[in-house]
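The values are calculated or read from the model by the stated rules, or taken from the named source; none is laboratory data. Just so it is clear, the model here is predicted, and its values are computed rather than measured. Glycine also receives a Cβ, built like all others from the backbone with ideal geometry; neighbour counts cover every protein chain displayed. All accessible areas refer to the heavy atoms of the entire protein, side chains included, with ligands and DNA or RNA removed. Shrake-Rupley method; radii C 1.70, N 1.55, O 1.52, S 1.80 Å.
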Amino acid sequence: MNHILSRLIMYGDMPKESILMQLADICGELEAGTTEKTVLRTRVFQQVKRILMTATDYGFNENLWQNYLTFVLIMDENPFSLTCEKIGASEGASANHFAKNDFQAFYELFHYDFGPIEQALGIDCFTQLSDYKAISKPELMYNKNVSEKVQTLSRRLAAAKDAEEFFEGITGFYRDYGVGMFGLNKAFRIYCPEGSTRVEFKAINNMDQVVLDDLIGYEIQKKKLVDNTKAFVEGRKANNVLLFGDSGTGKSTSIKAIVNEFYDQGLRMIEIYKHQFASLSNVIAQIKNRNYKFIIYMDDLSFEEFEIEYKFLKAVIEGGVETKPENILIYATSNRRHLIKENWSDRNDVTVQNGMHQSDTMEEKLSLVHRFGVTINYSKPSQKEYFNIAIQLARRLGVTLSDEEIRAEANKWELSHGGISGRTAQQFANYLAGQQL
C-alpha cells in the first residue's frame, strides 16, 4: 500500500494519523518484518475500529473500505478539487494529468487485495468490511443526505472499468455537489477556539426536513422569501431579509424550509449567534470564494441597550470598506421590529447626552433594520386561522376527530398553553395524535 500512496500528488497531503496513512505504515512494517505480528494485528484492529466508527457516524453499508476511500476523496480540498467545484474538470488542463495519476492510485486502492495481510496476521476483518451488513438505525442517528451521496458515488467508482471512468465519476461529483463539508452538508454552526481568531465550521446533522407547504398560511410572506432566495441562488440581485413578528408563527421554520428547497441549487446556511458577531468577518473571508450561495442565519435577533454587538453586524452588512461578497446574504428572525430596545427618552430630541441628540441615538438604533432590504411580518393568526391550522396539522398526523371536535379541543388547548400561534397549533396536533390509539 505504501508504494501506491507514495505516487499521490494532488491528494498526497494526508495527515500521518489518518486511517489510510496508518494502514500504509502497517503494511510497510509487515513487509519489512521489523515489528511483531501481534503488535501489527492490534494496530490493524484500531484502524478497522476507526472505519467502523466513521461508518456508524454516516450510516455507511456494504463495502465500508470503498465508502471510506470515497469519503476521503469527497472531503479533500485541494487546488484541483476546488477548481472542479467551480468550473468542472477543464479538458486539456495540465492539472488533469496529475489528478489522473492520483485517481489511478485510488482506483488500485479501491480494488486492493488485503488477502496476504489477513493471511499473515491471521485476521479476516477486511473481508468483513468489504461486505458489511449494517444494523438498521433511525435517520436521526446519522446524516442521511451525506450517507446517500457517499454510497452512491462509492458504487459508481467501484464499477469504473479504469482510472479514466474513475476520474469522470469524482470530477462530476465535484461539479454537481462540491467538495469538503460544504459539498455534503446543508447547514453549519461556527466554533471559535478561545484565544484564537480562527473559525471552524461544524456541520448540523439531521436538520429538520421541513418544506414550505408544512407551514400553513402565510402565503404572501413565503412568496417574498422564495422570490428573494430564488434570485440569490440564480445569481441575480437579492437583499438581506429580516423576518419579524410574534413568536411561534413560523419564522425559523420558513428559513429552514428555504434551505431544504434550494440546497440542490448550491444554497448553504451558516447559523451564527450574537456572541459570535465579532467573528463575522473571519467567517465571510473563509466562504466568499466558494462556489456556493451562503445564508448567514441569525435566529431570535435582538439587542438590549447595553449590547454593542449590533455594530459588528452593521459593519459587515453594508458599512465596511470591503464590498460584501455576492455569494452571501444575511437572514435574521426577531420578535422585535426594530431589533434594538428603545426607551421613551430616545424619542425626546430636546434631551442631549454626551453631545448627542436623542433622535440621533434612535436613528443609530434603527439604522440596523434599514440594512435589511426585505422585511417580512409574521403576525399572530386570527382565531379562525388558528383553528384552520390546527385542523390541517391534525389531519396530517392522522387524527380522526371531526372538525368541530378539533376546534373545541384546540380552543381549550390555547387557553392553557400560551395563546394563539402556529407553534401552539402544532403542539396541540402532536398531543391529539399521541392520544389517539
List the residue pairs whose Cβ atoms are under 8 Å apart, where the first residue sits in the range 244-256 and is on the phi > 0 side of the Ramachandran plot, the second is polar (S, T, N, Q), and the two are 6 or more positions apart or on different chains. G245/N335; G245/N377; G245/S379; G248/S421; G248/T424
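Would you check if G12 is in contact with a helix residue (DSSP H, G or I) (Cβ under 9 Å, 6 or more places away or on another chain), open to solvent by 10 Å² or more (accessible area, probe 1.4 Å), outside any helix (DSSP H, G or I) and not charged (D, E, K, R)?
On the way: in contact with a helix residue (DSSP H, G or I) (Cβ under 9 Å, 6 or more places away or on another chain): yes; open to solvent by 10 Å² or more (accessible area, probe 1.4 Å): yes; outside any helix (DSSP H, G or I): yes; not charged (D, E, K, R): yes.
The answer is yes for G12.
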Candidate set from the range 390-437 (those that are within 21 Å of G217 (Cα to Cα) and among the basic types (K, R)); member that is farthest from the chain's Cα centre (by Cα): R407
Scan the range 50-61 and give yes if some residue there is on the phi < 0 side of the Ramachandran plot and free of Cβ contacts under 8 Å to residues at least 12 places away in the same chain, otherwise no. yes
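Determine whether F312 is at pLDDT below 85 and either assigned to a helix (DSSP H, G or I) or buried (at least 19 other Cβ atoms within 10 Å of the Cβ) (or both). Step through it out loud before you land on a result.
Details: at pLDDT below 85: yes; either assigned to a helix (DSSP H, G or I) or buried (at least 19 other Cβ atoms within 10 Å of the Cβ) (or both): yes.
Yes, satisfied.
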Restricting to the range 85-103, give me the number of residues that are modelled with pLDDT of 85 or more, charged (D, E, K, R) and open to solvent by 50 Å² or more (accessible area, probe 1.4 Å). 1
Selection from the range 31-84 of residues that are at pLDDT below 90, under 18 Å from I117 (Cα atoms) and either touching a strand residue (DSSP E or B) at 6+ places or on another chain (Cβ under 8 Å) or of a type in the set (A, V, I, L, M, F, W, C) (or both): A32
